[in-house]
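Taken together, the values in this text are just the output of simple stated rules run on the coordinates, not laboratory data. Please read these numbers as outputs of a predicted model, since none were measured by experiment. Every residue, glycine as well, gets a Cβ built from its backbone with ideal geometry; the counts of neighbours run over all protein chains shown.
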């Protein structure tokens, strides 16, 4: 079973349960699935095929998770770019991995714009936030304010304990990775 299948299954089984709790608010499994599907459809509309690379540069956030799910649903290869790279390093990494599309977060528009001329293989640039030069991939969703990001990746057993979850205390830092096993 692929991660996109697990996401779809959770959206079917628990549509209103909380999938992500972020500093921007709660996101249900249904909302997560809808956003991931919307992203996948945009990518398919841009002629992304199974096995092609889609690069993403973004801080750890709900948008990163939504875009990641959307990318994997297309069968594309996710290339997660280190968000601490400078222009020269970013150019080298992107030319080496040869993505067809580059998706970038709010804080990376100027960095990406500054290296475009050195990235001949990238056909499309998509923003995860407001950008004055690239189309937005995700429209903002109203969310309830929270302080902790909790991402249940998979559910198992009758008790529905998360098998794998990521806890993020600050939007840009992963503070821990917890693996829960359900004993039956």
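Taking the criterion of being closer than 20 Å to residue 27 by Cβ and either in a loop (DSSP other than H, G, I, E, B) or touching a strand residue (DSSP E or B) at 6+ places or on another chain (Cβ under 7 Å) (or both), the residues of segment 81-107 that qualify are 103, 105. Restricting 47, 5, 26, 12 to residues that are over 14 Å from the mean Cα position of the chain (by Cα) and surrounded by 17 or more Cβ atoms within 10 Å (Cβ to Cβ) narrows the list to 26.
Are any residues in segment 66-104 crowded, with 18+ Cβ neighbours inside 10 Å and more than 23 Å from residue 32 (Cβ to Cβ), and if so, which ones? Correct list: 90, 94, 99, 100.
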